[in-house]
Amino acid sequence: MEWTCNADAGCLAWIRDSIRKELSSRLDAKQLDEVVLGVGEACANIVKHAYEGKGGPLTVRLEKGAEDFEIELRNRGKPLDPGACRPRSLDDIRPGGLGTYFMSCVFDEIRYEREPDGTNVVVMRRKWTRPDPKDGDR
Amino acid sequence: MNIRREAREACELLTVEGDIDLSTSPSLRKHLEGILDRERTSLVIDLSSVRHMDSSGIAVLIEAERWARKHGRRLLLASLSDQVRMVLELARLQGFFSIAEDLEGALRLCRAG
């Protein structure tokens, strides 16, 4: 499954709805909310940081495997600073910086890559069955 | 996102419906700034009809809670939807906010002062 849209704040609901619809037969309501949250945060990062609010192409690809599924986001904006992708400590209650923390909670693996042609790729993988993320020691 | 605002006994009630995300959280922030600046001491936000809230929505709520504390106002989150509850649990923020199980409970707390 693959979708392409212009990465602006208005496209986020459409991407979330598309992901929700595609995964609704395999995940329960809470798992769906978690995955949709993580994908939404990753896309919001692209809108805000990669394209700096100016928009540009964003391609979302979903691949379902036997054990897990993978969501890949491709954009041609500024490369993400790997340091900025590190989730912050929850002891520091302040606005901002929670998005990458949510992504790290709801996905088992996140990779940031930059292809030779300048395309930025974020790959997020999650097993179909996994422990409740809020029970983990993150 | 739709926002409905009503003056209730001893508090202002804000009912939020739909999605609170990057595109809509600035509007929520504007509403909260307008309300928290007024005389009433308490603000109740009914979140029962919020389908999706992301980190930008949480950021707005954290700012509002901080502002309310600093200026002697009370902010109560009421009747959280399952998605909002999940997000607050994930961020471990349940203890940071005052949360009422339902709207009636929140309004009762306001009347009690």
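The values are calculated or read from the model by the stated rules, or taken from the named source; none is laboratory data. Computed from a predicted model, the values in this text were never measured in an experiment. Note: ideal-geometry Cβ built from the backbone for every residue, glycine included; neighbour counts use all protein chains shown. With ligands, DNA and RNA removed, areas are computed over all heavy atoms of the protein, side chains included. Shrake-Rupley method; radii C 1.70, N 1.55, O 1.52, S 1.80 Å.
Collect the residues in region B:67-94 that are under 12 Å from the mean Cα position of the chain (by Cα) and charged (D, E, K, R), keeping them in residue-number order.
The answer is B:Arg74, and nothing else.
Across region A:40-69, which residue is farthest from A:Cys105 (Cα to Cα) among those that are at the interface with another protein chain (Cβ under 10 Å from one of its Cβ atoms) and open to solvent by less than 40 Å² (accessible area, probe 1.4 Å)? Explain how you work it out, then say what you get.
Filtering region A:40-69 for residues at the interface with another protein chain (Cβ under 10 Å from one of its Cβ atoms) gives A:40-41, A:43-45, A:47-48, A:53.
This time we only want the ones that are open to solvent by less than 40 Å² (accessible area, probe 1.4 Å), so: A:40-41, A:43-45, A:47.
Working: A:Gly40: 13, A:Glu41: 12, A:Cys43: 16, A:Ala44: 17, A:Asn45: 16, A:Val47: 21 Å.
The extreme case among them is A:Val47.
Of everything in region A:63-87, what is at pLDDT below 95, part of a loop (DSSP other than H, G, I, E, B) and not aliphatic (A, V, I, L, M)? Give them in sequence order. Walk me through it before giving the result.
Initially, region A:63-87 is screened for residues at pLDDT below 95, giving A:78-87.
Narrowing further to those that are part of a loop (DSSP other than H, G, I, E, B): A:78-81, A:86-87.
Answer for region A:63-87, where residues must be at pLDDT below 95, part of a loop (DSSP other than H, G, I, E, B) and not aliphatic (A, V, I, L, M): A:Lys78, A:Pro79, A:Asp81, A:Arg86, A:Pro87.
B:Val50: in a strand (DSSP E or B), open to solvent by less than 10 Å² (accessible area, probe 1.4 Å) and within 13 Å of chain A (Cβ to nearest Cβ), yes or no? Give the steps one after another, and end with the answer.
On the way: in a strand (DSSP E or B): yes; open to solvent by less than 10 Å² (accessible area, probe 1.4 Å): yes; within 13 Å of chain A (Cβ to nearest Cβ): yes.
It is true that B:Val50 is in a strand (DSSP E or B), open to solvent by less than 10 Å² (accessible area, probe 1.4 Å) and within 13 Å of chain A (Cβ to nearest Cβ).
Would you mind telling me which numbered condition in (1) at pLDDT below 95; (2) open to solvent by less than 60 Å² (accessible area, probe 1.4 Å) B:His71 fails?
(2)
Mind checking which residues of region B:23-47 are farther than 21 Å from A:Gly53 by Cα, hydroxyl-bearing (Ser, Thr, Tyr) and surrounded by 18 or more Cβ atoms within 10 Å (Cβ to Cβ)? Working first, answer last.
Let us first name the residues in region B:23-47 that are farther than 21 Å from A:Gly53 by Cα, namely B:31-47.
Still in the list and also hydroxyl-bearing (Ser, Thr, Tyr): B:41-42.
If the condition is that a residue be farther than 21 Å from A:Gly53 by Cα, hydroxyl-bearing (Ser, Thr, Tyr) and surrounded by 18 or more Cβ atoms within 10 Å (Cβ to Cβ), then B:Ser42 is the only one that fits.
Taking the residues in region B:100-113 that are open to solvent by 70 Å² or more (accessible area, probe 1.4 Å) and not in a loop (DSSP other than H, G, I, E, B) as candidates, determine which candidate is nearest to A:Gly38 (Cα to Cα).
So in region B:100-113, the residues open to solvent by 70 Å² or more (accessible area, probe 1.4 Å) come out as B:101-102, B:104, B:108-109, B:111-113.
Cutting the leftovers down to not in a loop (DSSP other than H, G, I, E, B) gives us B:104, B:108-109, B:111-112.
Numbers: B:Glu104: 32, B:Arg108: 36, B:Leu109: 34, B:Arg111: 39, B:Ala112: 39 Å.
Residue satisfying both the conditions and the ranking: B:Glu104.
Can you give me the number of residues within region B:1-34 that are touching a residue at least 60 places away in the same chain (Cβ under 8 Å) and acidic (Asp, Glu)? Walk me through it before giving the result.
Pass one, region B:1-34, residues touching a residue at least 60 places away in the same chain (Cβ under 8 Å): B:8-11, B:13.
Keeping just the survivors that are acidic (Asp, Glu) gives B:9.
Number satisfying all stated conditions: 1.
Pull up region B:53-80, narrow it to residues that are among the polar types (S, T, N, Q) and not in a loop (DSSP other than H, G, I, E, B), then point me to the one that is nearest to the other protein chains (Cβ to nearest Cβ).
Start the filter on region B:53-80 by keeping residues that are among the polar types (S, T, N, Q), which leaves B:55-56, B:79.
Subset that is not in a loop (DSSP other than H, G, I, E, B): B:55-56.
Details: B:Ser55: 4, B:Ser56: 7 Å.
Once the filter is applied, the top-ranked residue is B:Ser55.
Go through region A:4-30 and give me each residue that's assigned to a helix (DSSP H, G or I) and under 15 Å from A:Phe69 (Cβ atoms). Even if it seems obvious, please write down each step before you answer.
Initial filter on region A:4-30 (assigned to a helix (DSSP H, G or I)): A:9-23, A:29-30.
Once the filter is applied, which keeps residues that are assigned to a helix (DSSP H, G or I) and under 15 Å from A:Phe69 (Cβ atoms), region A:4-30 yields A:Ser18, A:Ile19, A:Arg20, A:Lys21, A:Glu22, A:Leu23.
So B:Ile20 passes all but one of these: (1) touching a strand residue (DSSP E or B) at 6+ places or on another chain (Cβ under 9 Å); (2) at the interface with chain A (Cβ under 9 Å from one of its Cβ atoms); (3) under 21 Å from A:Lys48 (Cβ atoms). Which condition number does it fail?
(2)
Take region A:31-52 and flag every residue that is assigned to a helix (DSSP H, G or I) and charged (D, E, K, R).
The first filter runs over region A:31-52 and keeps only residues assigned to a helix (DSSP H, G or I), leaving A:31-50.
Scanning region A:31-52 gives A:Asp33, A:Glu34, A:Glu41, A:Lys48.
Within region B:81-99, can one find any residue that is more than 14 Å from every other protein chain (Cβ to nearest Cβ), open to solvent by 10 Å² or more (accessible area, probe 1.4 Å), of a type in the set (Asp, Glu) and without any contact (Cβ under 8 Å) to a residue 24 or more places away in the chain?
As a first pass, look at region B:81-99 and keep what is more than 14 Å from every other protein chain (Cβ to nearest Cβ): B:98-99.
Narrowing further to those that are open to solvent by 10 Å² or more (accessible area, probe 1.4 Å): B:98-99.
From what's left, of a type in the set (Asp, Glu): none.
There is no residue in region B:81-99 that is more than 14 Å from every other protein chain (Cβ to nearest Cβ), open to solvent by 10 Å² or more (accessible area, probe 1.4 Å), of a type in the set (Asp, Glu) and without any contact (Cβ under 8 Å) to a residue 24 or more places away in the chain.
Taking A:Val60 as the residue in question, decide whether it is among the aliphatic types (A, V, I, L, M), in contact with an Asp or Glu (Cβ under 6 Å, 6 or more places away or on another chain), at pLDDT 95 or above and more than 25 Å from B:Ser81 (Cα to Cα). Please lay out each step first, then the result.
On the way: among the aliphatic types (A, V, I, L, M): yes; in contact with an Asp or Glu (Cβ under 6 Å, 6 or more places away or on another chain): no; at pLDDT 95 or above: yes; more than 25 Å from B:Ser81 (Cα to Cα): yes.
Against the criterion (among the aliphatic types (A, V, I, L, M), in contact with an Asp or Glu (Cβ under 6 Å, 6 or more places away or on another chain), at pLDDT 95 or above and more than 25 Å from B:Ser81 (Cα to Cα)), A:Val60 does not qualify.
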